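The values are calculated or read from the model by the stated rules, or taken from the named source; none is laboratory data. This is a predicted model, so every value here is computed, not measured. Note: ideal-geometry Cβ built from the backbone for every residue, glycine included; neighbour counts use all protein chains shown. We work out accessible area using only protein heavy atoms, side chains counted, and drop any ligands, DNA or RNA first. Shrake-Rupley method; radii C 1.70, N 1.55, O 1.52, S 1.80 Å.
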Amino acid sequence: MIAGSAALDEVLVCLRARRPVFHSEADLQHSFALAVGEVAPEVRCRLEVPVRGSDASEYLDLLCLGPAGRTAIEFKYVTRQWSGTAGTPPEEYALRGHNAPDVARRDFLRDVERLERFCDREDQNGLALLITNEAALWRPRQRRMPTRDEEFRIHHGRELSGTLLWAGGSFPDNTRVLRGAYMLAWRPYIQLESPSGEFRCLAVFITPNPAQPQPPHEA
């Protein structure tokens, strides 16, 4: 649930009806906030909220505030090149290709790790949401040779937990340490005509962890 009031499935149905495609990640963030407001009008949505720690400032993509709870949300929108018309009324899109699935995996898991840190109060959960038409992200790897992002694979059915090393630990800054265990389940988002017209989404919910000591912050 988002902010204790809106079921993610209902929000995605509303979002898909409004916006089958997005021009950018910021466009996705704004559209998702509008969909949450339509499904649960009592929930207040705030974009780019500062999360202040003891020595640095970070920003949360979206904070949803409801009478029954709060949800911190991070978004990723990773695209292959696609152009066409979608939506009602019809709108033209020209999506560029990011061409770096390994970096997308790394950054998505960074979002999960950050949300685990942010959800340090009993009334706040987290949601990492990825929407993409890059099939390499949801499909299992076919090659047998190891890759630098071997432990960062996020294909359907993968379970993620513990310490994840990038290139066997050769790049310590890319190491991700997860307190939770997450079974990844991709779901369809929209099927459009033309190559690269299939979009799927991956949602990972992070449960509150108020017992874990955290640096003071406010969101």
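General observations
- Looking across the range 16-48 at every residue that is part of a helix (DSSP H, G or I) and of a type in the set (Lys, Arg), the one that is surrounded by the fewest Cβ atoms within 10 Å (Cβ to Cβ) is identified as Arg18.
- Residue check, Thr88 of a type outside the set (Gly, Ala, Ser) and modelled with pLDDT of 95 or more: no
- Subset tally (residues that are in a helix (DSSP H, G or I) and of a type outside the set (Phe, Trp, Tyr)) for the range 90-119: 16
- Elements of type strands (runs of 3 or more DSSP E) in the range 120-219, at least 1 residues being under 21 Å from Val11 (Cα atoms) and polar (S, T, N, Q): 124-132, 186-191
- Residue within the range 2-15 that is in a strand (DSSP E or B) and of a type outside the set (Asp, Glu) present: yes
- Residues (under 18 Å from Arg158 (Cβ atoms), in contact (Cβ under 8 Å) with a residue 24 or more places away in the chain and over 11 Å from the mean Cα position of the chain (by Cα)) located in the range 96-115: Pro101, Asp102, Arg106, Glu113
- Single residue of the range 55-76 satisfying the filter (among the small types (Gly, Ala, Ser) and part of a strand (DSSP E or B)) that is surrounded by the most Cβ atoms within 10 Å (Cβ to Cβ): Ala72
- The set of residues from the range 142-187 being touching a helix residue (DSSP H, G or I) at 6+ places or on another chain (Cβ under 6 Å), charged (D, E, K, R) and open to solvent by less than 30 Å² (accessible area, probe 1.4 Å) comprises Asp149, Arg176.
- Flag if Val43 is more than 16 Å from the chain's Cα centre (by Cα) and touching a residue at least 24 places away in the same chain (Cβ under 8 Å): yes
- Flag for Ala167 being more than 27 Å from Ala26 (Cβ to Cβ), touching a Lys or Arg at 6+ places or on another chain (Cβ under 6 Å) and aliphatic (A, V, I, L, M): yes
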